Amino acid sequence: MKSSELFPHALKEPPKDAESINHQLLVRAGFIDQLMAGSWTLLPLGWRVVNRINQVIREEINAINGQEMLMPLMTPRSIWQETGRWQKAEEVMYQFSDDGGREYGLAFTHEEILMDLLRKRVNTYADLPIYLYHFSTKFRNEARARSGILRSREFMMKDLYSAHASEADLMDYYQKVKEAYIRIFQRLGFNCRVTEALGGVFTENYTHEFQIPSEGGEDVIFYCDQCDWGQNKEVFKGQVGQPCPKCQKGKIIQSRAIEVGNIFPLGTWFAEKMKAFFTDQNNQKRPIWFGSYGIGSTRVMGAWVEISHDDKGIIWNKTMAPFDVHLIELPGAKNALEIYQKLQEAGLEVLWDERDINAGQKLVEADLIGIPVRLVISEKTKDQIEWRLRNKEKTELLSLSEVVNRLQKES
């Protein structure tokens, strides 16, 4: 991709109303644009990042037998009334009617819609278990949409739903999802903490949240400095500094954090309310055991920027970065087009800044956008290429073949 063709170009200053780091940097660098409070356009750079995040999620969910699909966003009032959530969730759900008086809601989650699908298609225990997921827009009527893309009224989310013939099978899969989520966030580069939480409008049982410690986070979590124990503030009853209740060796730490995922063991409540039954081995009617598991893809992007930036801009890692390398062409550079083409032929995704603008502006924008590897070619570099990592000050002069070999090895 040539920088001259990339839309839009970076801004010199962040938006005046931007308080959070992700709002300031993602807008200024050209990853997102705000239409109104809580409503964001994913611009080409932002869409590339979210697609890379989604691909990691997709690979790990497919590995635990998830099947990808897509469900509707506009849903009828009747299906929510079956569980009583039309009234229970009216503060968070956008509800409206058409000219004929028919009432609808924009999906803030998809349990009812998935359960409706199951009751149409599942007949016996032989049809279970089932694992279905989709990437979809969610709508939630946030009273105070803020913190940039972290708390929006419209956002992208991965929902996974599982259906089972027994509680034991549900909890076995619940653990597999928990482990898959840990792998997802590790691959994405996060130091993620798993915390016990309340179920909100989803369930009365304890659930689990996946939290990224961050000063810019809106949640408060408590976790052990030695093991994997953790709870959020709604559940926690102890005191900071006390011994960990699980390992007894570590101490409890308090931190602000950003929630990027959650998992819910929903039991048979939805199936009982919506009459979604299957016939077991003894020819008895049983309600389907149900689980729900979410990751906010756009929130993940915002969370990374909150924890990985400096005073110059964003610092992406190679997993999430919109491009593998940022090629900066300065005056006097030789064979810029050839280098660009050779890098692409090697299977690398390259952003090539070939614009006829001030060299300083190019370097400033490169730091702002934050692609992990910056390659500079100029009159000074001659037949070599200046290599620099975004999170390091050190530069090296390498040949094109050395650059390609290093990039391929690291990928």
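Just one of the numbered conditions (1) of a type outside the set (Ser, Thr, Tyr); (2) over 14 Å from ALA366 (Cα atoms); (3) at pLDDT 95 or above is not true of LEU45: (2). Each residue in the range 276-317 was checked for being more than 19 Å from ARG52 (Cα to Cα) and either β-branched (Val, Ile, Thr) or part of a loop (DSSP other than H, G, I, E, B) (or both), and 10 pass. From the list GLY100, GLY148, GLY84, exactly one residue is at positive phi and over 25 Å from the mean Cα position of the chain (by Cα). Which is it? Going through GLY100, GLY148, GLY84 in turn, just one is at positive phi and over 25 Å from the mean Cα position of the chain (by Cα): GLY84. Taking the residues in the range 302-313 that are surrounded by 21 or more Cβ atoms within 10 Å (Cβ to Cβ) and out of contact with any Gly (no Cβ under 7 Å at 6 or more places or on another chain) as candidates, determine which candidate is farthest from ILE61 (Cα to Cα). Only one residue tops the list, namely VAL305. Being basic (Lys, Arg), under 27 Å from the mean Cα position of the chain (by Cα), at pLDDT 95 or above and not assigned by TED's automatic domain parsing to the domain that holds ARG151 is the requirement here; does LYS342 meet it? Spelling it out, it is not the case that LYS342 is basic (Lys, Arg), under 27 Å from the mean Cα position of the chain (by Cα), at pLDDT 95 or above and not assigned by TED's automatic domain parsing to the domain that holds ARG151. So how many residues does the range 226-252 have that are within 25 Å of the chain's Cα centre (by Cα) and either part of a loop (DSSP other than H, G, I, E, B) or farther than 24 Å from LYS138 by Cα (or both)? The total comes to 8. Being aliphatic (A, V, I, L, M) and assigned to a loop (DSSP other than H, G, I, E, B) is the filter; apply it to the range 355-411 and report the residue that is nearest to VAL27 (Cα to Cα). Across the range 355-411, the extreme among qualifying residues is ILE371. The set of residues in the range 1-39 that are in contact with a Gly (Cβ under 8 Å, 6 or more places away or on another chain) and part of a strand (DSSP E or B) contains only ILE32.
Scanning the range 382-402 for residues that are farther than 19 Å from TRP316 by Cα and either among the hydroxyl-bearing types (Ser, Thr, Tyr) or surrounded by 13 or more Cβ atoms within 10 Å (Cβ to Cβ) (or both) turns up GLN384, ILE385, GLU386, GLU396, LEU397, LEU398, SER399, LEU400, SER401, GLU402.
Every residue, every condition in (1) under 18 Å from the mean Cα position of the chain (by Cα); (2) over 25 Å from VAL350 (Cβ atoms); (3) in contact (Cβ under 8 Å) with a residue 24 or more places away in the chain; (4) outside the structural domain of GLY291 (by TED's automatic domain parsing), yes or no:
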site: PRO15; (1), (2), (3), (4): no, yes, no, yes
site: GLY66; (1), (2), (3), (4): yes, yes, yes, no
site: LEU73; (1), (2), (3), (4): no, yes, yes, no
site: GLU112; (1), (2), (3), (4): no, yes, yes, no
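Would it be correct to say that LYS312 is farther than 21 Å from TRP47 by Cβ and either not assigned by TED's automatic domain parsing to the domain that holds LEU42 or not aromatic (Phe, Trp, Tyr) (or both)? Criteria met by LYS312. Restricting attention to the range 339-353 and to residues that are touching a residue at least 12 places away in the same chain (Cβ under 8 Å) and among the charged types (D, E, K, R), the residue that is surrounded by the most Cβ atoms within 10 Å (Cβ to Cβ) turns out to be ASP353. Note on the range 74-180: enclosed strands (runs of 3 or more DSSP E) holding 1 or more residues that are more than 29 Å from ASN54 (Cα to Cα) are 94-97, 103-106.
Residues that are of a type in the set (Val, Ile, Thr) and within 9 Å of the chain's Cα centre (by Cα) within the range 278-301 comprise ILE295, THR298, VAL300, listed in sequence order. A single member of TRP304, TRP289 is more than 28 Å from SER162 (Cα to Cα) and touching a residue at least 60 places away in the same chain (Cβ under 8 Å), and it is TRP304. The residue that is surrounded by the most Cβ atoms within 10 Å (Cβ to Cβ), among those in the range 43-67 that are assigned to a helix (DSSP H, G or I) and of a type in the set (Gly, Ala, Ser), is GLY46.
Evaluation of ALA321 against the conditions (1) aliphatic (A, V, I, L, M); (2) surrounded by 23 or more Cβ atoms within 10 Å (Cβ to Cβ); (3) farther than 30 Å from LYS178 by Cβ shows that the sole unmet condition is (3).
The values are calculated or read from the model by the stated rules, or taken from the named source; none is laboratory data. Just so it is clear, the model here is predicted, and its values are computed rather than measured. Here Cβ is always computed from backbone atoms with ideal geometry, including for glycine, and neighbour counts include all displayed protein chains.
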